[in-house]
There are 2 protein chains.
Amino acid sequence: MVKTLLEAFNKAEYPVVGHGKRHVQVLKNTFDHLDGEIDSDIYGTGKVIEDFQTKMAAYLGKPSAVFFPSGTMAQQIALRLWCDEKGSKKVAYHPLCHLEIHEQDGLKELHHIEPVLLADKDRLITLEDVRNMKEDIACLLLELPQREIGGQLPAYEELEAIAAHCRAKGIKLHLDGARLYEILPYYGKTAAEVCSLFDSVYVSFYKGIGGIAGAILAGEEAFTSQSKIWKRRHGGDLISLYPYILNADLAFDERLPKMEQYYQAAVELAGMYNNGIEGITTRPVTPVSNMFHVHAAMPKEKLEQILIALYEETGIGLTGNIRDAGEGTSYYEVSLGDRYAAIPKDRLRQAFELLHEKVKQTLI
Amino acid sequence: MVKTLLEAFNKAEYPVVGHGKRHVQVLKNTFDHLDGEIDSDIYGTGKVIEDFQTKMAAYLGKPSAVFFPSGTMAQQIALRLWCDEKGSKKVAYHPLCHLEIHEQDGLKELHHIEPVLLADKDRLITLEDVRNMKEDIACLLLELPQREIGGQLPAYEELEAIAAHCRAKGIKLHLDGARLYEILPYYGKTAAEVCSLFDSVYVSFYKGIGGIAGAILAGEEAFTSQSKIWKRRHGGDLISLYPYILNADLAFDERLPKMEQYYQAAVELAGMYNNGIEGITTRPVTPVSNMFHVHAAMPKEKLEQILIALYEETGIGLTGNIRDAGEGTSYYEVSLGDRYAAIPKDRLRQAFELLHEKVKQTLI
């Protein structure tokens, strides 16, 4: 007897979201085909790390790039460097920025940086917000797409206008590009084109790229060389980062060409959610990347019951994790990856018909 | 034509120090025999990380343990926690402590902790030093063995007296046990016995244990649970640390029983260095762990020339890295591991006879 939604999801014949299980096989698939004689990187030096940094710098259109064990570390350091350069302790970002809600206040506790929260929790930062800001900040961080509101994006023209404003005002612009690759099909831009609007850029390797862990911070050489000093201070300058780097390199080559496919999958799947199931909506209605949120006008526990039954009857697993959204509502995040292409479309449609039925019965 | 000492060392048929090359094969050897279905740890949770933490806590005789990507991160956090508990910004450690000379001042820059430097650079911290300290410190860090002076150790009775003094004075005692396993044969104690003298303990997995990277911080549950919050703040709470953990676990089981062997190898090899080669001495004269330093009364460049020629003539590689020690002298660190047992003793003795000759000719 299945007890939790996660267990039911893990047992489903066709899990819809993600690339696959996060298990040891991911690492084995990388290293089974690699030569054992490849030397480890040593404290940030050596061919393994330097080659990958060079490759990522070129891809992002920046002079230099540094591999970090985590984005948490890379982004705090980026903001610290811009603050130190300006002699300020203020930066600005969205109220649901990763640094504000997922990092145990590392930015404040370790770097004593005071964030100015721009925009409301339920919408994107606009040019207006940036223009109206009264505080004298060192850096503005923009997250593209804004994950915690379903992966929304500003119009590219607005992004350009924000960048131009910041440049004119001497405000550094930092990109939280944890999901940068995933938005390129919608914008119809190269990574380098988007990054050219920013002074510094962080990208991740375990979201759309599907690697084990790791991040890149890119910018001018003077910026990245300083970031290495802070990487050492944070305890991130490990003697060997190659388990992440070699995997990230392979996963990058494998999945970068599939970003258009993941994006189209998200558009298609969101369409199925938005097909008249009462109380169920997606945010955004039409995805602009491989992700969106599903919002339900019922409590988490009720939705879990429905989905557990659905998975058992159809073999289709829609999510493993639902969050309470207050006032008797709930939501979950959907990120499309490799798995979606393998799902028989008729079975997926049947599952959504059954979801429609089950939600209707619940609401009666 | 060999150009650098490191190249010559890497080409030598019998490198004397270390376990082996730091290359991708180390990781392959671990994962070739592991089941691909093992689930990744997820942000510090899951069987892989929890089981290993439990195992290490038991080994160290502490209630709880946390896996960290690096000792740099683990130790800064340990000292920060003791400082916060006491409401002080002062700790004490040796002038050649890792935190003082190898971490780009992370402790000062990120945590604003002011270290009191005890003892002189060329000797161990004594009970006298601790007793005479005027500052009101939160924590004393002791590194066993004291790496930067060749891996020296206080008498166990002195260690016990320092611990008793700290306990009486309300000073927390933290163990930098990067090489803790390596000193157990000399002390004739278990890890838990040594650790019982300390309030918190850090151990490493890529020195004597020969793993890829990683560290454990152990102590009371209230301490380690706080350390996880700071691990997140530092950017060390990676989604997946299993590449290091599973390797560390295997390397721990494989090499822990060999610490006596590595220690005896160090004693034997130091004896060969101390066999009347003019201007060459080891520190300590008789090692108390698997390590010692070799000091030479000649400049680094001259010693490099001698050793490059020695490696080429004998196939024996003694070190890959010599450091300048000022005033026309030089030194290098020697750490014994798996490699030593494979070296034919007659060839090793011949190499030392030739070293004797070459040094004599140089000094003439």
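Here the condition is being in a loop (DSSP other than H, G, I, E, B) and within 30 Å of A:P243 (Cα to Cα); of A:E103, A:E135, it holds for A:E103 alone.
Here the condition is being in contact with a strand residue (DSSP E or B) (Cβ under 6 Å, 6 or more places away or on another chain), surrounded by fewer than 16 Cβ atoms within 10 Å (Cβ to Cβ) and on the phi < 0 side of the Ramachandran plot; of A:N290, A:N274, it holds for A:N274 alone. When the residues of the stretch A:7-43 are filtered to those that are more than 8 Å from chain B (Cβ to nearest Cβ) and of a type in the set (V, I, T), the one that is nearest to A:Y311 (Cα to Cα) is A:V16.
As a summary of the residue check, A:R80 satisfies the conditions (1) among the basic types (K, R); (2) closer than 29 Å to A:D176 by Cβ; (3) touching an Asp or Glu at 6+ places or on another chain (Cβ under 9 Å) except for the one numbered (3).
Restricting attention to the stretch B:1-54, which residues are within 26 Å of A:N10 (Cβ to Cβ) and under 26 Å from the mean Cα position of the chain (by Cα)? B:T30, B:F31, B:G44, B:V48, B:I49, B:E50, B:D51, B:F52, B:Q53, B:T54 - these are the residues of the stretch B:1-54 that are within 26 Å of A:N10 (Cβ to Cβ) and under 26 Å from the mean Cα position of the chain (by Cα). Being in contact with a strand residue (DSSP E or B) (Cβ under 6 Å, 6 or more places away or on another chain) and either within 25 Å of B:L241 (Cβ to Cβ) or of a type in the set (D, E) (or both): is that true of A:F31 here? Taking the combined requirement at face value, the residue does not satisfy it. Would you check if there is a residue in the stretch A:90-98 being of a type in the set (D, E, K, R), under 16 Å from A:L173 (Cα atoms) and outside any loop (DSSP other than H, G, I, E, B)? Among the residues of the stretch A:90-98, at least one is of a type in the set (D, E, K, R), under 16 Å from A:L173 (Cα atoms) and outside any loop (DSSP other than H, G, I, E, B), which makes the answer yes. Scanning the stretch A:304-347 for residues that are assigned to a helix (DSSP H, G or I), touching a residue at least 60 places away in the same chain (Cβ under 8 Å), surrounded by 19 or more Cβ atoms within 10 Å (Cβ to Cβ) and touching a strand residue (DSSP E or B) at 6+ places or on another chain (Cβ under 8 Å) gives a single hit, A:Y311.
Find the helices (runs of 4 or more DSSP H) located wholly in the stretch B:1-80 whose residues include 1 or more that are crowded, with 18+ Cβ neighbours inside 10 Å and in contact with a Lys or Arg (Cβ under 8 Å, 6 or more places away or on another chain), and list them. Give the derivation first.
Working: elements: B:5-11, B:24-31, B:47-60.
So the answer is B:24-31.
Values in this text are rule-based calculations from the coordinates and carry no lab data. This one's a predicted model, so the numbers in the text were calculated from it and none came from an experiment. Positions of Cβ are generated from backbone atoms using ideal geometry, with glycine treated the same way; all protein chains shown enter the neighbour counts.
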